[in-house]
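A short write-up of the structure that comes next.
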Amino acid sequence: MWYFVVPEVVFGQDALTRLAELQGKSAFIVTDKNIVSLGFVDKVKEQLSQAGIKSNVFDEVEPDPSLQTVKKGVALMNQYGPDLVVAVGGGSVMDAAKAMRVEYERPDLKAEEINPFISDLGLGAKCKLVCIPTTSGTGAEATFAIVLTDTDDQRKLSLINREIATDIAIVDPALAAAMPAGLTSSTGMDVLTHAVEAFSCTWKNDFTDGLCIRAIQLVFEYLPRAVKDGQDMEAREKMHNAATIAGIGFTNSLTAMAHATGHSLGAVFHVPHGRAVGLLLPYTIEFVGDIREDIWAEISYALKLNIPKGEKAGLVLARAIRGLANSIKEPLSLKELGIPVDKLDSSMDKLIDNAMADGSLIVSARVPSVAETEKFLRYAYEGKSIDF
Ligand SMILES: [Fe+2]
């Protein structure tokens with residue numbers, strides 16, 4: 001028995017006008033200062049006011065949001081008493097809003113206590129959650145996971161429960177059009193990695209497979225266009241859709257080794273998430289290799305890649321992903337990220353420990369040993385295809 005959880009998704013041009021149809025009295029808008037300065041929060045307030053809903057804005061969410069920021073937001077929510085939480089931003093903003101909503105609705109449950117085994121959370125009785133992504137990457141508008149940092153304890157919290165999912169995801173491409181090229185390319189590689197990993201990990205399933213394949217096709221076709229011309233609204237729309245589609249895909253399946261090692265790389269060297277996982281994706285495909293040859297062939301077929309006779313689909317696919325990354329100026333090796341080799345050496349134990357402890361690793365179709373993880377990272381440093 002398993003579950004497939006998906007929010008109401010409103011997508012396409014003017015999707016934001018869905019806000020004007022909402023029922024409620026008071027909205028708590030969760031965002032960051034950059035999104036406010038781009039004018040997106042004013043647009044959201046304008047739509048809500050058409051529905052007779054007044055707004056209060058909390059714009060203090062930082063990248064890698066802290067538990068402490070969540071507590072601050074909850075205190076304000078308790079003061080305002082909203083019946084709507086509207087998150088406008090990237091993954092950090094949406095994750096913070098998801099956590100705030102849980103604690104606001106369930107004061108008896110601390111955000112840090114959220115886990116997959118609690119049932120009947122009873123969310124939605126006091127307020128609804130609307131997520132409006134402004135990047136095309138994390139898929140946080142569709143996921144039922146939250147990543148927070150406890151700054152007091154210096155630790156990351158991964159909180160999962162299928163009941164914390166968004167009620168409505170508004171996927172309006174106009175809000176993604178402000179992303180600069182570098183953010184477009186790195187977040188786009190995150191989308192691709194979600195889709196490929198959810199399609200190839202051991203938790204892949206019939207409900208997510210089709211979504212993942214479509215997301216992979218959309219990234220290959222539209223990401224180079226969105227990076228090249230940020231005002232190419234067709235490409236923006238397709239990438240925005242792809243991010244949510246892949247988000248639904250991986251939250252109902254899982255991500256695997258590229259995410260386990262990418263999270264580790266991000267934590268140690270502060271590499272943007274999408275850049276780290278995207279860089280490691282082709283190496284991951286090579287490492288998993290023959291165990292998933294049928295899956296790599298299926299993806300290659302969907303991408304109309306030519307597989308020369310006698311060649312493995314996994315290698316063809318890894319090469320195609322490197323070609324895509326190269327075309328949008330994403331790095332192909334850890335060396336290209338500018339990490340000095342002595343820093344890699346001195347951080348290796350930490351990199352391996354983090355990766356081995358990451359929940360994503362257990363669903364890899366081939367789980368690496370400690371020695372293999374080190375070798376994997378050294379190959380990825382040099383830009384050498386995995387041959388073990
Ligand atoms: Fe990701």
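The values are calculated or read from the model by the stated rules, or taken from the named source; none is laboratory data. Predicted model, so just to flag it, every value in this text is computed and none were measured. With ideal geometry, Cβ positions are generated from the backbone for all residues, glycine too; neighbour counts draw on all protein chains shown. Side chains are part of the model used for accessible areas, which takes the heavy atoms of the whole protein and leaves out ligands, DNA and RNA. Shrake-Rupley method; radii C 1.70, N 1.55, O 1.52, S 1.80 Å.
Observations on the model:
- Number of residues in the stretch 45-88 that are under 29 Å from His273 (Cα atoms) and in contact with a Cys (Cβ under 9 Å, 6 or more places away or on another chain) equals 4.
- Of residues in the stretch 7-22 being among the β-branched types (Val, Ile, Thr) and within 23 Å of the chain's Cα centre (by Cα), the one nearest to Thr244 (Cα to Cα): Val9
- Any pair with Cβ under 8 angstrom, 6 or more apart, that starts in the stretch 276-297 at a residue that is modelled with pLDDT under 95 and among the basic types (Lys, Arg) and ends at one that is open to solvent by 10 Å² or more (accessible area, probe 1.4 Å) and within 16 Å of the ligand (Cβ to nearest atom): none
- Some residue of the stretch 303-323 being within 17 Å of Asp190 (Cβ to Cβ) and in a helix (DSSP H, G or I): yes
- Scanning the stretch 262-294 for residues that are away from the ligand (no atom under 14 Å from the Cβ) and small (Gly, Ala, Ser) turns up just one, Gly289.
- Any hit, the stretch 182-203, residues being closer than 24 Å to Ala27 by Cα and not aliphatic (A, V, I, L, M): no
- Scanning the stretch 320-329 turns up no residue that is surrounded by fewer than 18 Cβ atoms within 10 Å (Cβ to Cβ), within 16 Å of the ligand (Cβ to nearest atom) and without any contact (Cβ under 8 Å) to a residue 12 or more places away in the chain.
- Qualifying positions in the stretch 137-159 - small (Gly, Ala, Ser) and within 12 Å of the ligand (Cβ to nearest atom): Gly137, Gly139, Ala140, Ala145
- Meets criteria (modelled with pLDDT of 95 or more and either outside the structural domain of Ile164 (by TED's automatic domain parsing) or open to solvent by less than 10 Å² (accessible area, probe 1.4 Å) (or both)) for Ala96: yes
- Pairs, first closer than 15 Å to Asp172 by Cα in the stretch 41-64, second part of a loop (DSSP other than H, G, I, E, B), C-beta under 8 Å, six or more apart: Val41/Thr31; Val41/Asp59
- Scan of the stretch 185-200 for residues that are farther than 12 Å from Val219 by Cβ and either away from the ligand (no atom under 13 Å from the Cβ) or free of Cβ contacts under 8 Å to residues at least 60 places away in the same chain (or both), ordered by number: Ala198, Phe199, Ser200
- The residues of the stretch 109-138 that are of a type in the set (D, E, K, R) and within 20 Å of Ser66 (Cα to Cα), listed by number, are Lys110, Glu112, Glu113.
- Matching residues in the stretch 242-257 - criterion: being within 25 Å of Ile352 (Cβ to Cβ) and within 12 Å of the ligand (Cβ to nearest atom): Phe250, Leu254, Thr255, Ala256
- Among residues of the stretch 344-371 that are among the small types (Gly, Ala, Ser), those with a beta-carbon under 7 Å from a residue that is part of a helix (DSSP H, G or I) and open to solvent by 50 Å² or more (accessible area, probe 1.4 Å) at least six positions away or on a different chain give the pairs Ala365/Ile291.
- Search result, residues across the stretch 121-136 that are open to solvent by 20 Å² or more (accessible area, probe 1.4 Å) and within 16 Å of the ligand (Cβ to nearest atom): Thr135
- Test for Lys33: is it buried (at least 21 other Cβ atoms within 10 Å of the Cβ), within 23 Å of the chain's Cα centre (by Cα) and outside the structural domain of Thr251 (by TED's automatic domain parsing): no
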